[in-house]
Amino acid sequence: MPLDTGFIGRVYPATQPYVVSRAKIAEFADAAGDDSPAYRDVEAAAALGYPDVIAPPTFATIVTLEAAYAVVHDPALGLDWTRVVHGDQRFVYDRPLRAGDEITVVVTVESIRSMAGNDMIVLRGDVATVQGEHAVTSYTLLVARSAEDSA
């Protein structure tokens, strides 16, 4: 059964605040194999004009993926999570996330369409500080494979 296109434009409430820490930034950079000093050294980040260490560009995935669960696990949408694959991800930054930021994410269903029996849903995650400063917007494409693809 196709996803309910009535969900297009639906906005989900902001997530609970997440505190971006130096330790989490360093762990993420280590996992990604990125040894940029700006992710670990306050002085290196300051030389780039930042008040503290900054997070790698894909760090926002930590909070935006968690926020997307509110949508994909909404029973009214009708998404079969067992058939979902990640189709695409992109980020549009106003500024990097940095240590000390306390952030929330508001997720909006941007689009839903069917193609070749597969449902595709694009989720927009707006990441902002609790003070209201927008930092980054993520766009996530999820593809729910059709039942015919189970062979």
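For Pro96, are the conditions met, namely being at pLDDT 95 or above and crowded, with 19+ Cβ neighbours inside 10 Å?
So Pro96 fits the description; yes.
If we keep just the residues of the stretch 42-54 that are in a helix (DSSP H, G or I) and not small (Gly, Ala, Ser), which is surrounded by the most Cβ atoms within 10 Å (Cβ to Cβ)? Give the derivation first.
Within the stretch 42-54, the subset in a helix (DSSP H, G or I) is 42-47.
Subset that is not small (Gly, Ala, Ser): 42-43.
Working: Val42: 15, Glu43: 9.
Step by step, filter the stretch 42-54, then rank; the result is Val42.
For the stretch 104-141, name all the residues that are of a type outside the set (Val, Ile, Thr), over 17 Å from Val19 (Cα atoms) and surrounded by fewer than 20 Cβ atoms within 10 Å (Cβ to Cβ).
Hits for the stretch 104-141 are Glu110, Ser111, Arg113, Ser114, Met115, Ala116, Gly117, Asn118, Met120, Arg124, Tyr139, Leu141.
Taking the stretch 25-41 as the search range and keeping residues that are free of Cβ contacts under 8 Å to residues at least 12 places away in the same chain and in a helix (DSSP H, G or I), which one is nearest to Ser146 (Cα to Cα)?
Ala31
Given the conditions (1) assigned to a strand (DSSP E or B); (2) in contact with an Asp or Glu (Cβ under 8 Å, 6 or more places away or on another chain), and given that Val85 satisfies all but one, which numbered condition is not satisfied?
Of everything listed in (1) assigned to a strand (DSSP E or B); (2) in contact with an Asp or Glu (Cβ under 8 Å, 6 or more places away or on another chain), Val85 misses just condition (2).
Go through the residues of the stretch 103-110 one by one and say whether even a single one is part of a strand (DSSP E or B), touching a Leu at 6+ places or on another chain (Cβ under 9 Å), at pLDDT 95 or above and polar (S, T, N, Q).
Yes, some residue in the stretch 103-110 is part of a strand (DSSP E or B), touching a Leu at 6+ places or on another chain (Cβ under 9 Å), at pLDDT 95 or above and polar (S, T, N, Q).
For the stretch 10-24, check the following and say yes or no: at least one residue is basic (Lys, Arg), outside any helix (DSSP H, G or I) and on the phi < 0 side of the Ramachandran plot.
yes
Residue by residue through the stretch 111-142, note down the ones that are part of a strand (DSSP E or B), within 27 Å of Val85 (Cβ to Cβ), without any contact (Cβ under 8 Å) to a residue 40 or more places away in the chain and of a type outside the set (Lys, Arg).
The answer is Met115, Asn118, Met120, Val122, Asp126.
The values are calculated or read from the model by the stated rules, or taken from the named source; none is laboratory data. On a predicted model such as this, the values are computed, not experimentally measured, just so you know. Glycine gets a Cβ as well: all are built from the backbone with ideal geometry, and neighbour counts include every protein chain shown.
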